[in-house]
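What follows is a set of notes on a single structure, which appears directly below.
The values are calculated or read from the model by the stated rules, or taken from the named source; none is laboratory data. Keep in mind that this is a model prediction, so the values were computed, not measured. Cβ sites come from the backbone with ideal geometry, for glycine too, and all protein chains shown count toward neighbours. The protein model used for the area step is the full one, side chains on, heavy atoms only, and it has no ligands, DNA or RNA in it. Shrake-Rupley method; radii C 1.70, N 1.55, O 1.52, S 1.80 Å.
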Amino acid sequence: MTTRILPAIGDADAVRALTSLIGQLPEAEPALPVADSTALLDTLGQLAAESIDELPEVVLVHERIGPVPALDLIREVALRFPAVGVVLLTSDASAGLFSAAMDSGARGLVGLPLGYEELAARVQSAATWALGVRRHLAGGQEVTRGPGGTVVTVTGAKGGVGTTLTAVQLALAVRAAGRSVALLDLDLQSGDVASYLDVQFRRSIVDLAGIGDIGPRVLQDAVFTHPTGIGLLLAPAEGERGEEVTDRVARQTISALRNRYDVVVIDCGTQMNGANAAAVELADRALLLVTPDVVAVRAAKRMVRLWDRLQIRKAEETLAVVNRNSRLSEIQSPLVERITGTRVARTVIPSQYKELQAAVDAGRMQDLDNRSTVKQALWGLAGELGLLGGPAEPA
(Lines give C-alpha, C1' and ligand atoms only; values in the text may rest on other atoms or scores of the structure.)
Protein backbone atom coordinates (compact mmCIF):
# COMPACT_ATOMS: atom_id res chain seq x y z
CA MET A 1 0.00 0.00 0.00
CA THR A 2 1.22 3.48 -0.90
CA THR A 3 2.40 5.66 1.98
CA ARG A 4 1.92 9.38 1.42
CA ILE A 5 4.62 11.46 3.11
CA LEU A 6 4.48 15.23 3.65
CA PRO A 7 7.83 16.81 4.64
CA ALA A 8 7.78 20.06 6.65
CA ILE A 9 11.29 21.43 6.19
CA GLY A 10 12.53 24.98 5.62
CA ASP A 11 16.19 24.14 4.95
CA ALA A 12 16.92 23.62 1.22
CA ASP A 13 19.83 21.20 1.77
CA ALA A 14 17.77 19.07 4.13
CA VAL A 15 14.91 19.03 1.61
CA ARG A 16 17.19 17.66 -1.11
CA ALA A 17 18.66 14.99 1.15
CA LEU A 18 15.25 13.90 2.43
CA THR A 19 13.64 13.89 -1.01
CA SER A 20 16.40 11.64 -2.30
CA LEU A 21 15.91 9.15 0.54
CA ILE A 22 12.11 9.17 0.37
CA GLY A 23 12.37 8.34 -3.31
CA GLN A 24 14.13 5.12 -2.37
CA LEU A 25 11.51 4.00 0.15
CA PRO A 26 9.24 1.21 -1.12
CA GLU A 27 5.72 2.34 -2.07
CA ALA A 28 6.37 5.87 -0.80
CA GLU A 29 4.56 8.82 -2.38
CA PRO A 30 6.27 12.08 -1.31
CA ALA A 31 4.31 15.33 -1.46
CA LEU A 32 5.84 18.71 -2.19
CA PRO A 33 7.62 19.93 0.97
CA VAL A 34 6.11 22.81 2.97
CA ALA A 35 8.54 25.40 4.28
CA ASP A 36 6.97 26.50 7.57
CA SER A 37 4.44 25.61 10.24
CA THR A 38 1.72 27.85 8.82
CA ALA A 39 1.90 26.19 5.42
CA LEU A 40 1.80 22.74 7.03
CA LEU A 41 -1.34 23.44 9.07
CA ASP A 42 -3.01 25.12 6.10
CA THR A 43 -2.23 22.16 3.84
CA LEU A 44 -3.50 19.59 6.33
CA GLY A 45 -6.60 21.68 6.98
CA GLN A 46 -7.45 21.86 3.29
CA LEU A 47 -6.95 18.13 2.83
CA ALA A 48 -8.97 17.29 5.94
CA ALA A 49 -11.84 19.47 4.71
CA GLU A 50 -12.14 17.22 1.66
CA SER A 51 -11.86 13.85 3.40
CA ILE A 52 -9.82 11.95 5.94
CA ASP A 53 -8.61 9.80 3.05
CA GLU A 54 -6.88 12.83 1.52
CA LEU A 55 -4.58 13.31 4.51
CA PRO A 56 -1.02 11.97 4.26
CA GLU A 57 -0.23 9.00 6.44
CA VAL A 58 3.08 10.51 7.63
CA VAL A 59 4.31 14.06 8.26
CA LEU A 60 8.05 14.60 8.72
CA VAL A 61 8.81 17.69 10.84
CA HIS A 62 12.34 19.13 10.80
CA GLU A 63 13.72 20.42 14.12
CA ARG A 64 14.35 23.91 12.67
CA ILE A 65 10.88 24.41 11.24
CA GLY A 66 9.40 27.81 12.04
CA PRO A 67 7.86 30.07 13.12
CA VAL A 68 6.21 27.61 15.54
CA PRO A 69 8.78 25.45 17.41
CA ALA A 70 8.91 21.85 16.24
CA LEU A 71 7.51 20.24 19.40
CA ASP A 72 4.65 22.74 19.61
CA LEU A 73 3.88 22.13 15.94
CA ILE A 74 3.84 18.35 16.50
CA ARG A 75 1.46 18.80 19.43
CA GLU A 76 -0.88 20.91 17.28
CA VAL A 77 -0.85 18.44 14.37
CA ALA A 78 -1.46 15.51 16.72
CA LEU A 79 -4.36 17.36 18.31
CA ARG A 80 -6.07 18.58 15.15
CA PHE A 81 -5.25 15.67 12.83
CA PRO A 82 -4.94 12.56 15.02
CA ALA A 83 -5.06 10.20 12.04
CA VAL A 84 -1.67 11.47 10.83
CA GLY A 85 1.58 9.97 12.10
CA VAL A 86 4.21 12.63 12.86
CA VAL A 87 7.96 11.92 12.86
CA LEU A 88 10.55 14.42 14.15
CA LEU A 89 13.84 14.88 12.29
CA THR A 90 16.52 16.11 14.71
CA SER A 91 20.25 16.15 15.31
CA ASP A 92 19.61 15.65 19.05
CA ALA A 93 18.67 12.00 19.55
CA SER A 94 18.91 12.16 23.33
CA ALA A 95 16.51 10.33 25.62
CA GLY A 96 15.20 13.66 26.93
CA LEU A 97 14.18 14.94 23.51
CA PHE A 98 12.75 11.53 22.59
CA SER A 99 10.54 11.65 25.68
CA ALA A 100 9.47 15.24 24.94
CA ALA A 101 8.65 14.35 21.33
CA MET A 102 6.53 11.38 22.42
CA ASP A 103 4.71 13.56 24.97
CA SER A 104 3.95 16.04 22.18
CA GLY A 105 2.36 13.30 20.06
CA ALA A 106 5.18 12.26 17.72
CA ARG A 107 5.17 8.65 16.52
CA GLY A 108 8.92 8.47 16.08
CA LEU A 109 12.24 10.32 15.93
CA VAL A 110 14.92 10.14 13.21
CA GLY A 111 18.42 11.39 13.82
CA LEU A 112 20.29 13.76 11.48
CA PRO A 113 22.13 13.22 9.22
CA LEU A 114 19.49 10.96 7.75
CA GLY A 115 20.02 7.23 7.29
CA TYR A 116 17.92 5.05 5.01
CA GLU A 117 17.29 2.19 7.45
CA GLU A 118 16.21 4.40 10.35
CA LEU A 119 14.01 6.61 8.17
CA ALA A 120 12.33 3.61 6.54
CA ALA A 121 11.60 2.00 9.91
CA ARG A 122 10.13 5.17 11.46
CA VAL A 123 8.03 6.01 8.41
CA GLN A 124 6.62 2.48 8.22
CA SER A 125 5.81 2.50 11.95
CA ALA A 126 4.06 5.88 11.78
CA ALA A 127 2.13 4.90 8.65
CA THR A 128 0.96 1.64 10.22
CA TRP A 129 -0.23 3.53 13.29
CA ALA A 130 -2.07 6.13 11.17
CA LEU A 131 -3.83 3.44 9.14
CA GLY A 132 -4.88 1.68 12.33
CA VAL A 133 -6.41 4.88 13.70
CA ARG A 134 -8.30 5.46 10.45
CA ARG A 135 -9.71 1.96 10.44
CA HIS A 136 -11.01 2.34 13.98
CA LEU A 137 -12.48 5.78 13.34
CA ALA A 138 -13.63 5.30 9.76
CA GLY A 139 -17.26 5.49 10.86
CA GLY A 140 -17.19 9.28 11.19
CA GLN A 141 -15.35 12.18 9.61
CA GLU A 142 -14.98 13.96 12.95
CA VAL A 143 -11.47 12.58 13.16
CA THR A 144 -10.32 15.13 10.59
CA ARG A 145 -11.00 17.92 13.04
CA GLY A 146 -9.22 16.29 15.89
CA PRO A 147 -10.55 15.98 19.41
CA GLY A 148 -11.88 19.01 21.19
CA GLY A 149 -13.73 22.11 20.20
CA THR A 150 -13.61 25.14 17.98
CA VAL A 151 -11.28 28.04 18.78
CA VAL A 152 -12.47 31.57 17.90
CA THR A 153 -10.31 34.65 18.42
CA VAL A 154 -11.70 38.18 18.59
CA THR A 155 -9.19 40.95 17.86
CA GLY A 156 -9.79 44.68 17.65
CA ALA A 157 -8.40 46.74 14.80
CA LYS A 158 -7.80 49.43 17.43
CA GLY A 159 -8.96 50.22 20.94
CA GLY A 160 -12.62 50.89 21.63
CA VAL A 161 -14.16 48.96 18.72
CA GLY A 162 -16.04 46.48 20.93
CA THR A 163 -13.68 43.52 21.10
CA THR A 164 -14.45 42.39 24.65
CA LEU A 165 -18.19 42.99 24.29
CA THR A 166 -18.23 40.80 21.18
CA ALA A 167 -16.21 38.01 22.81
CA VAL A 168 -18.47 37.99 25.88
CA GLN A 169 -21.69 37.89 23.87
CA LEU A 170 -20.40 35.13 21.59
CA ALA A 171 -19.60 33.04 24.67
CA LEU A 172 -23.03 33.74 26.17
CA ALA A 173 -24.71 32.73 22.90
CA VAL A 174 -22.81 29.45 22.74
CA ARG A 175 -23.67 28.63 26.33
CA ALA A 176 -27.34 29.46 25.77
CA ALA A 177 -27.31 26.97 22.89
CA GLY A 178 -26.41 24.23 25.37
CA ARG A 179 -22.75 23.85 24.43
CA SER A 180 -19.80 24.09 26.80
CA VAL A 181 -17.71 27.21 26.26
CA ALA A 182 -14.56 28.77 27.70
CA LEU A 183 -13.77 32.49 27.49
CA LEU A 184 -10.02 33.23 27.60
CA ASP A 185 -8.85 36.81 28.15
CA LEU A 186 -5.53 37.29 26.33
CA ASP A 187 -5.66 41.08 26.52
CA LEU A 188 -2.90 40.59 29.06
CA GLN A 189 -2.25 44.16 30.16
CA SER A 190 -5.78 45.57 30.16
CA GLY A 191 -8.23 42.67 30.02
CA ASP A 192 -11.81 43.61 30.93
CA VAL A 193 -13.68 40.31 30.69
CA ALA A 194 -13.96 40.13 34.49
CA SER A 195 -15.41 43.66 34.59
CA TYR A 196 -18.03 42.85 31.96
CA LEU A 197 -19.24 39.78 33.85
CA ASP A 198 -19.01 41.05 37.44
CA VAL A 199 -16.26 38.60 38.46
CA GLN A 200 -13.68 38.77 41.23
CA PHE A 201 -11.28 35.83 40.98
CA ARG A 202 -7.67 35.76 42.09
CA ARG A 203 -6.40 33.17 39.61
CA SER A 204 -5.49 33.97 36.01
CA ILE A 205 -3.63 32.56 33.03
CA VAL A 206 -0.37 33.67 34.68
CA ASP A 207 -0.81 30.81 37.15
CA LEU A 208 -0.27 28.42 34.23
CA ALA A 209 2.95 30.08 33.07
CA GLY A 210 5.35 27.97 35.12
CA ILE A 211 3.64 24.64 34.49
CA GLY A 212 5.16 22.28 31.93
CA ASP A 213 2.13 20.08 31.35
CA ILE A 214 -1.31 21.62 31.81
CA GLY A 215 -3.53 18.72 32.83
CA PRO A 216 -7.28 18.73 33.57
CA ARG A 217 -6.77 19.21 37.32
CA VAL A 218 -4.40 22.15 36.83
CA LEU A 219 -6.76 23.76 34.32
CA GLN A 220 -9.74 23.29 36.62
CA ASP A 221 -7.96 25.19 39.40
CA ALA A 222 -7.26 28.16 37.10
CA VAL A 223 -10.67 28.38 35.40
CA PHE A 224 -13.55 30.17 37.12
CA THR A 225 -16.99 28.81 36.34
CA HIS A 226 -19.33 31.78 35.93
CA PRO A 227 -22.98 31.48 37.09
CA THR A 228 -23.98 31.50 33.42
CA GLY A 229 -21.94 28.29 32.94
CA ILE A 230 -19.09 29.89 31.00
CA GLY A 231 -15.58 28.80 31.99
CA LEU A 232 -13.48 31.96 32.47
CA LEU A 233 -9.70 32.09 32.29
CA LEU A 234 -8.88 35.69 33.07
CA ALA A 235 -6.05 38.10 32.33
CA PRO A 236 -3.79 38.97 35.29
CA ALA A 237 -4.91 41.80 37.57
CA GLU A 238 -1.33 43.14 37.46
CA GLY A 239 -0.76 44.03 33.82
CA GLU A 240 3.02 43.81 34.07
CA ARG A 241 2.71 40.06 34.77
CA GLY A 242 1.32 39.56 31.28
CA GLU A 243 4.92 39.23 30.08
CA GLU A 244 5.07 35.86 31.84
CA VAL A 245 2.53 34.46 29.39
CA THR A 246 4.64 33.44 26.40
CA ASP A 247 3.49 31.99 23.11
CA ARG A 248 4.31 28.53 24.44
CA VAL A 249 2.07 29.04 27.48
CA ALA A 250 -0.70 30.29 25.20
CA ARG A 251 -0.44 27.26 22.91
CA GLN A 252 -0.51 24.78 25.79
CA THR A 253 -3.44 26.59 27.43
CA ILE A 254 -5.48 26.74 24.24
CA SER A 255 -4.85 23.06 23.54
CA ALA A 256 -5.97 22.17 27.06
CA LEU A 257 -9.11 24.30 26.76
CA ARG A 258 -9.89 22.87 23.33
CA ASN A 259 -9.80 19.37 24.80
CA ARG A 260 -12.30 20.27 27.51
CA TYR A 261 -14.82 22.64 25.86
CA ASP A 262 -16.93 22.60 22.69
CA VAL A 263 -16.00 26.21 21.91
CA VAL A 264 -13.12 28.39 23.11
CA VAL A 265 -13.61 32.15 22.62
CA ILE A 266 -10.46 34.25 23.04
CA ASP A 267 -10.38 38.02 23.57
CA CYS A 268 -7.05 39.05 22.01
CA GLY A 269 -7.41 42.79 22.60
CA THR A 270 -5.77 45.16 20.14
CA GLN A 271 -2.03 44.83 20.86
CA MET A 272 -0.12 41.93 19.34
CA ASN A 273 2.30 39.94 21.48
CA GLY A 274 3.59 36.38 21.37
CA ALA A 275 0.63 34.94 23.27
CA ASN A 276 -2.26 36.37 21.28
CA ALA A 277 -0.35 36.01 18.01
CA ALA A 278 -0.13 32.27 18.76
CA ALA A 279 -3.87 32.26 19.50
CA VAL A 280 -4.73 33.88 16.17
CA GLU A 281 -2.50 31.40 14.37
CA LEU A 282 -4.15 28.40 16.07
CA ALA A 283 -7.72 29.69 15.71
CA ASP A 284 -10.28 27.89 13.59
CA ARG A 285 -11.98 31.27 13.08
CA ALA A 286 -10.23 34.62 13.55
CA LEU A 287 -12.43 37.72 13.82
CA LEU A 288 -11.16 41.25 13.32
CA LEU A 289 -13.47 43.91 14.79
CA VAL A 290 -13.67 47.20 12.92
CA THR A 291 -15.94 50.24 13.04
CA PRO A 292 -17.06 52.07 9.86
CA ASP A 293 -14.63 54.98 10.08
CA VAL A 294 -11.41 55.76 8.27
CA VAL A 295 -9.13 55.44 11.30
CA ALA A 296 -10.45 51.99 12.25
CA VAL A 297 -10.36 50.67 8.68
CA ARG A 298 -6.77 51.83 8.29
CA ALA A 299 -5.91 50.14 11.59
CA ALA A 300 -7.56 46.93 10.37
CA LYS A 301 -5.47 47.04 7.20
CA ARG A 302 -2.30 47.47 9.29
CA MET A 303 -3.27 44.53 11.48
CA VAL A 304 -3.92 42.28 8.49
CA ARG A 305 -0.57 43.21 6.97
CA LEU A 306 1.17 42.59 10.31
CA TRP A 307 -0.35 39.11 10.54
CA ASP A 308 0.74 38.37 6.98
CA ARG A 309 4.33 39.57 7.53
CA LEU A 310 4.67 37.50 10.68
CA GLN A 311 3.05 34.48 8.97
CA ILE A 312 0.34 34.44 11.62
CA ARG A 313 -2.67 34.42 9.33
CA LYS A 314 -3.54 35.23 5.73
CA ALA A 315 -5.98 38.01 4.94
CA GLU A 316 -8.42 35.69 3.17
CA GLU A 317 -8.56 33.49 6.29
CA THR A 318 -9.61 36.43 8.48
CA LEU A 319 -13.23 37.47 8.98
CA ALA A 320 -13.81 41.20 9.52
CA VAL A 321 -16.87 42.13 11.60
CA VAL A 322 -18.30 45.63 11.26
CA ASN A 323 -19.46 47.08 14.59
CA ARG A 324 -21.55 50.22 15.15
CA ASN A 325 -22.86 50.03 11.64
CA SER A 326 -25.34 52.61 10.35
CA ARG A 327 -27.04 53.04 7.02
CA LEU A 328 -25.78 56.62 7.07
CA SER A 329 -22.13 55.55 7.31
CA GLU A 330 -20.09 56.31 4.21
CA ILE A 331 -17.98 53.19 4.83
CA GLN A 332 -19.96 49.99 4.30
CA SER A 333 -18.99 46.31 4.37
CA PRO A 334 -17.96 45.98 0.68
CA LEU A 335 -15.50 48.84 1.08
CA VAL A 336 -14.02 47.27 4.25
CA GLU A 337 -13.61 44.01 2.36
CA ARG A 338 -11.88 45.71 -0.55
CA ILE A 339 -9.50 47.78 1.59
CA THR A 340 -8.45 45.07 4.06
CA GLY A 341 -8.50 42.08 1.71
CA THR A 342 -10.44 40.06 4.28
CA ARG A 343 -13.86 38.49 4.10
CA VAL A 344 -16.57 40.48 5.89
CA ALA A 345 -19.26 38.83 7.98
CA ARG A 346 -22.81 39.05 6.66
CA THR A 347 -23.91 39.99 10.16
CA VAL A 348 -23.26 43.64 11.04
CA ILE A 349 -23.64 45.02 14.54
CA PRO A 350 -25.81 48.15 14.79
CA SER A 351 -24.77 51.38 16.48
CA GLN A 352 -27.02 51.32 19.57
CA TYR A 353 -24.89 52.08 22.61
CA LYS A 354 -27.91 53.21 24.64
CA GLU A 355 -29.07 49.59 24.70
CA LEU A 356 -25.76 48.56 26.26
CA GLN A 357 -25.07 51.37 28.69
CA ALA A 358 -26.95 50.02 31.72
CA ALA A 359 -25.46 46.51 31.42
CA VAL A 360 -21.95 47.87 30.80
CA ASP A 361 -22.08 50.30 33.73
CA ALA A 362 -23.37 47.54 36.03
CA GLY A 363 -20.70 45.12 34.79
CA ARG A 364 -23.35 42.50 34.08
CA MET A 365 -23.34 41.91 30.36
CA GLN A 366 -25.22 38.66 30.94
CA ASP A 367 -28.26 40.76 31.93
CA LEU A 368 -28.46 42.59 28.58
CA ASP A 369 -32.08 42.75 27.42
CA ASN A 370 -33.01 40.08 24.90
CA ARG A 371 -34.76 42.76 22.84
CA SER A 372 -31.45 44.54 22.28
CA THR A 373 -30.65 44.74 18.58
CA VAL A 374 -26.93 44.59 19.43
CA LYS A 375 -27.40 41.31 21.34
CA GLN A 376 -29.50 39.83 18.57
CA ALA A 377 -26.85 40.76 16.00
CA LEU A 378 -24.01 39.26 18.05
CA TRP A 379 -25.92 36.06 18.67
CA GLY A 380 -26.70 35.96 14.97
CA LEU A 381 -22.97 36.29 14.33
CA ALA A 382 -22.41 33.23 16.54
CA GLY A 383 -24.85 31.34 14.34
CA GLU A 384 -23.12 32.54 11.18
CA LEU A 385 -19.82 31.25 12.55
CA GLY A 386 -21.37 27.82 13.15
CA LEU A 387 -20.82 27.97 16.90
CA LEU A 388 -24.42 27.03 17.76
CA GLY A 389 -26.36 23.81 17.34
CA GLY A 390 -29.12 25.79 15.59
CA PRO A 391 -30.10 29.37 14.72
CA ALA A 392 -29.03 31.84 17.40
CA GLU A 393 -32.03 33.46 19.06
CA PRO A 394 -31.98 35.14 22.47
CA ALA A 395 -34.01 32.93 24.75
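Structure summary
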quantity: Segments 356-362, 321-327 sorted - mean Cβ within 10 Å per residue, highest first; calculated: 321-327, 356-362
quantity: Sites ALA49 and LEU112 - FRET efficiency at Förster radius 45 Å, r taken between beta-carbons, to 0.05; calculated: 0.85
quantity: Positive dipole terminus of the chain, leading residue within GLY149, ALA173, HIS136 (C-beta point charges); calculated: ALA173
quantity: Most to least packed among 290-297, 82-89 [average Cβ atoms within 10 Å]; calculated: 82-89, 290-297
quantity: The chain - accessible surface per residue (Å², probe 1.4 Å); calculated: 44
quantity: Ordering of 68-75, 332-339 by packing [mean C-beta count within 10 Å, highest first]; calculated: 68-75, 332-339
quantity: Cleavage-rule hits (chymotrypsin sites (Phe, Trp or Tyr not before Pro)) in the stretch 305-395: DSSP loop, at most 13 neighbouring Cβ within 10 angstrom; calculated: none
quantity: Rounded to 5, percent antiparallel among DSSP beta bridges of the chain; calculated: 5
quantity: Computed E for GLU244/ARG371 - FRET, C-beta separation, R0 35 angstrom, nearest 0.05; calculated: 0.25
quantity: Estimated [θ] at 222 nm from DSSP helical runs (n ≥ 4, -39500 (n - 2.57)) normalised by residues in the chain, nearest 500; calculated: -12500 deg cm²/dmol
quantity: Residue-level accessible surface for VAL110, protein heavy atoms, 1.4 Å, Å²; calculated: 0
quantity: Cα gyration tensor shape for the stretch 189-248, rounded if a/c is under 1.5, else prolate or oblate; calculated: oblate
quantity: Candidate lysines - alpha carbon under 25 Å from LYS375, same-chain residues fewer than 8 apart omitted; calculated: LYS158, LYS354
